[in-house]
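J.: Mind having a look at this structure? Questions to follow.
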Protein chains: 2
Amino acid sequence: MSAPELHPDLTLLGPLLGTWAGPGSGSYPTIEPFAYNEEITFGHVGKPFLAYGQKTRDATSGLPLHAEAGYWRPAGPGRLEVVLSHPSGLLELQLGTIEASGDGGGAVIELRSSAVVGTPTAKSVTEVHRRFELSDDGQVISYNVSMAAMGQPLTHHLHAELRKQG
Amino acid sequence: MSAPELHPDLTLLGPLLGTWAGPGSGSYPTIEPFAYNEEITFGHVGKPFLAYGQKTRDATSGLPLHAEAGYWRPAGPGRLEVVLSHPSGLLELQLGTIEASGDGGGAVIELRSSAVVGTPTAKSVTEVHRRFELSDDGQVISYNVSMAAMGQPLTHHLHAELRKQG
C-alpha cells in the first residue's frame, strides 16, 4: 500500500517521522550511571497522531534495557498531548508545546507530565519532564529527561543524541 | 540476532507470542455499530514482559480505525498488570488474572482497569474490562471489551476472534 498523506494537523510534528538512532547516557541519585544505544521510530497512518516507539540497549553488552510505546497528538496550534506506556509498569500523560526554531527544520518540544500512573509492582515515579530539540536541518534529535522518583526531587535522568536513519 | 530465551515468568503468557489476525465488531449506545479487521502482535526481548500492539481497519474501506500499544507484565503467579496507550489520548492501567483452561494451550485472561487517564482533548472513559480467551490448541484468541464512557454504565463495546498467523 502507498503511504497515506500526512494529516494537516501534523505539519509541525512531521519532521519527527522516521527512525532515529544514537547513543545516550543515564544517571540518577539512586543508581549507577549507565550508557545506552537507542532507536526511536515515529510513524503515521494519515490520522492526526504519531505512533511513537523507543528501545534502548546497554552500550557494552547490547542487551535490551528500556522501551516505551505511545502516541503524540497535536492539541491545537503548537500544543501537544503525549501518552506513553513503559514495560516497567508506568503510564505517562504528557502535555506541552512544539515550536519551530532556527532557519530550517529545527524545533523545540517541551513536555511535562500531568499524570504518572504506576502498577502495584512499578517503581514510584511522580513527575517526568521531557525536552526534545530537533536540529542540524532536521537530521538530529537530542533530548533530556528529568524525573522525580523514588523519593527524589525532579532530577536529570537521561540525555541522548540521535541521528535520522536511512 | 537469535531470538532470546523466554523469561521463566512468561510461561503462562508465552502462548500469546506472535501475530494474530481476524474480524471484529463494535457497538456502543453513543455510536453506530461497526465492523473491523484487527491485527495484534505480542513480542518479547528475554525480559519479564510482553510488548503488545494492536491495529484495526474498517472492514469495508480498509482505512485505519484504532490502535493500542503497551506492555503485559506478570505480577506473581497467575496475576497480570497491563499498561496501554491509545492514540485517542487514553491510558489504561489494567490488573487481572491468567488461568490455563482446557486440555492444551487454552487460557482465560480477565483484566479490569484500576485507572483510566485521558488527555484534556480525549473522550471521557472511566472503566474498561477486557476478557481474552485462548482456545483451539492455542490457535485462536477471542476477546470481549466492555467500557463505561461518555456517561454510560459499563457496556459491551468490542468482540473479535483472531487466528494465529504464520
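The values are calculated or read from the model by the stated rules, or taken from the named source; none is laboratory data. This is a predicted model, so every value here is computed, not measured. Methodologically, a virtual Cβ is constructed for each residue, glycine included, from the backbone with ideal geometry; neighbour enumeration extends over all protein chains shown. Accessible surface is based on the protein model in full, side chains and every heavy atom, while ligands, DNA and RNA are left aside. Shrake-Rupley method; radii C 1.70, N 1.55, O 1.52, S 1.80 Å.
J.: How many of the residues in segment A:9-48 are at pLDDT 95 or above, over 23 Å from A:LEU65 (Cα atoms) and among the β-branched types (Val, Ile, Thr)?
T.: Residues that pass the stated criteria total 1.
J.: Can you say whether A:GLY89 is over 16 Å from the mean Cα position of the chain (by Cα), at positive phi and surrounded by fewer than 16 Cβ atoms within 10 Å (Cβ to Cβ), as far as the supplied structure shows? Spell out the reasoning first.
T.: Values: over 16 Å from the mean Cα position of the chain (by Cα): yes; at positive phi: yes; surrounded by fewer than 16 Cβ atoms within 10 Å (Cβ to Cβ): no.
Answer is no for this residue.
J.: Might you let me know whether segment B:1-18 holds any residue that is of a type outside the set (Lys, Arg), in contact with a Ser or Thr (Cβ under 7 Å, 6 or more places away or on another chain) and either assigned to a strand (DSSP E or B) or surrounded by 20 or more Cβ atoms within 10 Å (Cβ to Cβ) (or both)? Outline the logic, then answer.
T.: Within segment B:1-18, the first condition is being of a type outside the set (Lys, Arg), and the residues that meet it are B:1-18.
Add one more test, that the residue is in contact with a Ser or Thr (Cβ under 7 Å, 6 or more places away or on another chain), and what stays is none.
The answer is no, given that none of the residues of segment B:1-18 is of a type outside the set (Lys, Arg), in contact with a Ser or Thr (Cβ under 7 Å, 6 or more places away or on another chain) and either assigned to a strand (DSSP E or B) or surrounded by 20 or more Cβ atoms within 10 Å (Cβ to Cβ) (or both).
J.: Looking only at segment A:74-117, filter to residues that are outside any strand (DSSP E or B) and within 12 Å of chain B (Cβ to nearest Cβ); which one of those is farthest from B:LEU95 (Cα to Cα)? Can you show your working first?
T.: Pass one, segment A:74-117, residues outside any strand (DSSP E or B): A:75-78, A:86-89, A:102-105.
If we keep only those that are within 12 Å of chain B (Cβ to nearest Cβ) too, we end up with A:75-76, A:86-89.
Details: A:ALA75: 30, A:GLY76: 34, A:HIS86: 15, A:PRO87: 14, A:SER88: 14, A:GLY89: 11 Å.
Checked segment A:74-117; the qualifying residue farthest from B:LEU95 (Cα to Cα) is A:GLY76.
J.: Is there a residue in segment A:26-49 that is open to solvent by less than 30 Å² (accessible area, probe 1.4 Å), at the interface with chain B (Cβ under 9 Å from one of its Cβ atoms) and more than 27 Å from A:VAL117 (Cα to Cα)?
T.: Yes.
J.: How many residues, within segment B:20-57, are within 17 Å of the chain's Cα centre (by Cα), under 23 Å from B:THR155 (Cβ atoms) and among the charged types (D, E, K, R)?
T.: Qualifying residue count, segment B:20-57: 1.
J.: Next up: Would you call B:SER142 under 17 Å from B:HIS66 (Cβ atoms), away from chain A (no Cβ under 14 Å) and without any contact (Cβ under 8 Å) to a residue 24 or more places away in the chain? Quick ask: steps written out before the conclusion?
T.: Values: under 17 Å from B:HIS66 (Cβ atoms): no; away from chain A (no Cβ under 14 Å): yes; without any contact (Cβ under 8 Å) to a residue 24 or more places away in the chain: yes.
It is false that B:SER142 is under 17 Å from B:HIS66 (Cβ atoms), away from chain A (no Cβ under 14 Å) and without any contact (Cβ under 8 Å) to a residue 24 or more places away in the chain.
J.: Can you go through A:ALA3, A:ALA67 and tell me which one is in contact with a Gly (Cβ under 8 Å, 6 or more places away or on another chain) and without any contact (Cβ under 8 Å) to a residue 24 or more places away in the chain? First the steps, then the outcome.
T.: Working: A:ALA3 fails: in contact with a Gly (Cβ under 8 Å, 6 or more places away or on another chain).
Going through A:ALA3, A:ALA67 in turn, just one is in contact with a Gly (Cβ under 8 Å, 6 or more places away or on another chain) and without any contact (Cβ under 8 Å) to a residue 24 or more places away in the chain: A:ALA67.
J.: Another question, then. Only residues that are away from every other protein chain (no Cβ under 14 Å) and either β-branched (Val, Ile, Thr) or in contact (Cβ under 8 Å) with a residue 40 or more places away in the chain (or both): list them for segment B:9-25, please. Reasoning before the result, please.
T.: Residues of segment B:9-25 that are away from every other protein chain (no Cβ under 14 Å), as a first pass: B:11-12, B:14-25.
Correct list: B:THR11, B:LEU12, B:PRO15, B:LEU16, B:GLY18, B:THR19, B:TRP20, B:ALA21, B:GLY22, B:PRO23, B:GLY24, B:SER25.
J.: Further, regarding this structure: Across segment B:54-73, what is the number of residues that are more than 8 Å from chain A (Cβ to nearest Cβ), part of a strand (DSSP E or B) and either open to solvent by less than 40 Å² (accessible area, probe 1.4 Å) or aromatic (Phe, Trp, Tyr) (or both)?
T.: The qualifying residues number 4.
J.: Residues in segment A:118-135 that are loosely packed, with under 15 Cβ neighbours inside 10 Å and either away from chain B (no Cβ under 14 Å) or small (Gly, Ala, Ser) (or both): how many? Lay out the reasoning, then the answer.
T.: Within segment A:118-135, the subset loosely packed, with under 15 Cβ neighbours inside 10 Å is A:120-121, A:123-124.
Then drop every residue that is not either away from chain B (no Cβ under 14 Å) or small (Gly, Ala, Ser) (or both), which leaves A:124.
Residues flagged as loosely packed, with under 15 Cβ neighbours inside 10 Å and either away from chain B (no Cβ under 14 Å) or small (Gly, Ala, Ser) (or both) within segment A:118-135 amount to 1.
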